[in-house]
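Step one of this worksheet: look at the structure below.
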Amino acid sequence: MNYGEKIIELRKKMREKHPLIHHITNFVVMHSTANGTIAIGASPVMAHSQDEVEEMTSFASALVLNIGTLTKEWIDAMILAGRKANERGIPVVLDPVGAGATSLRTDEAKRILDAVKVSVIRGNPAEVATLAGEKAAIQGVDSLQEADEVKHLAPKLARKLSSVVAITGKTDFITDGEVLIACDNGDPMLRLVTGTGCLATTAIACFSTISPDPVIASAAGLSYFGLAGEKAAKRAKSPGSFEVALLDSLYDLTDEEIKEGVKLKYEKAV
Amino acid sequence: MNYGEKIIELRKKMREKHPLIHHITNFVVMHSTANGTIAIGASPVMAHSQDEVEEMTSFASALVLNIGTLTKEWIDAMILAGRKANERGIPVVLDPVGAGATSLRTDEAKRILDAVKVSVIRGNPAEVATLAGEKAAIQGVDSLQEADEVKHLAPKLARKLSSVVAITGKTDFITDGEVLIACDNGDPMLRLVTGTGCLATTAIACFSTISPDPVIASAAGLSYFGLAGEKAAKRAKSPGSFEVALLDSLYDLTDEEIKEGVKLKYEKAV
Amino acid sequence: MNYGEKIIELRKKMREKHPLIHHITNFVVMHSTANGTIAIGASPVMAHSQDEVEEMTSFASALVLNIGTLTKEWIDAMILAGRKANERGIPVVLDPVGAGATSLRTDEAKRILDAVKVSVIRGNPAEVATLAGEKAAIQGVDSLQEADEVKHLAPKLARKLSSVVAITGKTDFITDGEVLIACDNGDPMLRLVTGTGCLATTAIACFSTISPDPVIASAAGLSYFGLAGEKAAKRAKSPGSFEVALLDSLYDLTDEEIKEGVKLKYEKAV
């Protein structure tokens, strides 16, 4: 497959559809995630009350569940929305922020996975290792492990959950348990801004509203997000202006830049 | 009336008074709204606990109620604060974010309107149509209708509620049921940044602390906000840098730019 | 002491350690505080559920408690985390946002101080006066008093609580009741951006993970933060771009700029 042309085509269709992405996400990133969703080309809505999440999901094109500042009540709302999404057959993308850091985060991420069929889990290496049942090295919400250290755990986890698992790090790995794609787009500056992992999750959700294959949607989302990070790193050298440039780049990345910059590589799953 | 000179005068007095604007608003926009309030020239405070909202409102100069990430408990707090504002006679500005999208939002917006005398309702076309009892086209929190499609509903709604109704869109319309003012300031870039509608609401609240006439306060607030959007669009072409430029422009818009740029037009109410 | 060299040394060690700072803070500033923490050189985590705060604090290097958008439940969580921090002997830095504005804020700030041994209280003049039992002039969360008006109250409060008290204003004052240090770094532009006081608190917390002396940590944190504000004010003249420049400057302030710019002055406590 020519990945560059695929991403260009998916983005074009997404921007025409302008799909609604229902987020139940954390307080730290709500603003930047909403802005990122618009910049990519979709329409964000944030709603978390148990009195409306099902109705909101009922006309959304994808659902993002992000546990970054969780309470049990918020997870209850996520499960209500997730089940509605499953009923309607729209994709659910889970960001298990900090799974492995506290038992609440680990347990509640698993509670979501038990109750909801998730299309894609996007996590850092420690979060993915935790969900795979391994001991993980995590400090707060930052992984102390690299993606290639836990890459071998992803296919089994993906098969067990019938989900795509996307691990982000220096290299990103995307697998459904059968195929595995590596993504080398991105820039170290992305680690200097809060919520960039959350925004990568949202990018996957945006592309998943167009591509029926969650492997392709995840690869496209992470590559697109990484390309925007690369363009932003050319525009800015410190984190404040980099964050602004990232949002600019998610919006104004050109077809030419996508075609020339995409770094996706197909591998066989282990 | 010379609208430009009126806005300049109101802004001058507001910046001298530096009035406190108590916001009970949504998680997505709290930071950008607080910054916008300061940039315009007032002083923001965000407080939502039912244990303090009345006391906080008791020394504020205006109250903003925004239901963007509502729960019933937050609406209860809004009503407590709103009643205190009514008791004191300070203006209450309501932003019924997403009314029409879910029944919770529609019902809770109406619950506020039943319990609190609101000076100004600032909404997008679909939100205003919903409050007027019409079927509305809304996707999440984004209107799929234009302001001139629902303009005819606003005067009746305004008379029914004894409130000013301000519909924002390509052209904004402000009415108290007797007069109607059209505002052509603004820029399409404003739709690329989250929370710009919420910030337009805050601009109205800021001007309402000086002008006793809510029609004038609303027209001044929306024109001022739109002018800042126009200046920002000259400074930046992508949404990250546009958001920064918008905040800059709310602060550094000159008297000259106001005088030359204001596009308010008096119409008779239908 | 050569303060410049001390700050340079502390920052170097902090950036090597990359310490985790657990924040229980307000909705308005979560995003900017997380970004500021990273820019200074530490690692932020925001977690407020009573079901996880103790566990999160158990591997953090410092704890920030900020009551900006408090409810009683959030204060309960702060006390749980604060006691765990005390048990482990890690520093707790309190930001009593708006103490004096409402009785809830005054009472809950005192409830924290009764239950938790706090290393440093960082507040504006009105907040510090309130905690010292004096009548304060506050509008929402903005002090109407200058730091030198309440400076005389700080040493007694510090002795009573066995805490360092840091008052920020045109000049900042830091005291443990025995020594008093004045800091003249900073820029008036900082008042045009929301959450800069909160971020000054975070800067103290970051430096307190390295310096065992809370007076030094506070002086270093406030001077460093003020220097970044000064550098930002050279880079930008309006508040949107100033906020971006502040984040840039917290990251890229050079050793040379620290050495030449630091304005800390030792005074005897009154």
On average, how many beta carbons from a partner chain sit within 10 Å of the beta carbon of a residue in B:48-54?
-> 6
Once the mean of 1/r over all distinct C-alpha pairs in region B:3-268 is inverted, the Kirkwood radius in Å reads 17.8 Å
The Rg/Rh figure for region A:72-113, Cα atoms and Kirkwood Rh, to two decimals is 1.00
For A:Lys259, place a label point 7 Å out from Cα along the Cα→Cβ vector, do the same in each other copy, and report the separations in nm, one decimal, smallest first.
-> 5.2, 5.2
Mean separation of Cα pairs under 8 Å and 6+ residues apart, divided by the residue count of region A:3-268: what relative contact order is that in percent?
-> 19 percent
Looking at region A:36-161, what % of its DSSP beta bridges pair antiparallel, to the nearest 5?
-> 20 percent
Region B:1-145 - Debye-derived log10 I(q)/I(0), Cα point model, q = 0.10, 0.13, 0.19 Å⁻¹ = -0.35, -0.59, -1.13
For label points placed 7 Å from Cα toward Cβ, what is the shortest-first list of nm distances from A:Asn2 to its copies?
-> 6.2, 6.2
Of the candidates C:Gln139, C:Ile216, C:Leu161, the farthest towards the positive dipole end of region C:113-216 (Lys/Arg Cβ +1, Asp/Glu Cβ -1, centred on the Cα centre) is C:Leu161
Ordered by fewest other Cβ atoms within 10 Å, a rough proxy for footprinting exposure, B:Tyr224, A:Tyr266 read A:Tyr266, B:Tyr224
Region C:3-268 - share of DSSP beta bridges that are antiparallel (%, nearest 5) | 40 percent
Give the distance, in whole Å, between the Cα centre of region C:137-162 and the Cα centre of region A:222-242.
-> 43 Å
For peptide C:230-242, the mean count of other chain Cβ atoms within 10 Å per residue Cβ is 5
Most exposed to least, judged by fewest other Cβ atoms within 10 Å, C:His22, A:His18 sort to A:His18, C:His22
Using modelled backbone amide H atoms (1.01 Å from N, in-plane), which distant-in-sequence or interchain residues come within less than 5 Å of C:Gln139's amide H?
-> C:Leu144
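When A:Ser241, A:Ser103 are ordered from fewest to most other Cβ atoms inside 10 Å of their Cβ, what list results?
A:Ser103, A:Ser241
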Per residue of A:100-111, how many C-beta atoms from partner chains lie within 10 Å of its own C-beta, taken as a mean?
-> 3
Of A:Val92, A:Val28, A:Val45, the one that fluctuates the most in a GNM where chain A has Cα springs shorter than 10 Å | A:Val28
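Each value in this text was obtained by applying a stated rule to the coordinates, not by laboratory testing. None of these values were measured; they are calculated from a predicted model. As a convention, Cβ positions derive from the backbone with ideal geometry for all residues, glycine included, and neighbour counts pool all protein chains shown.
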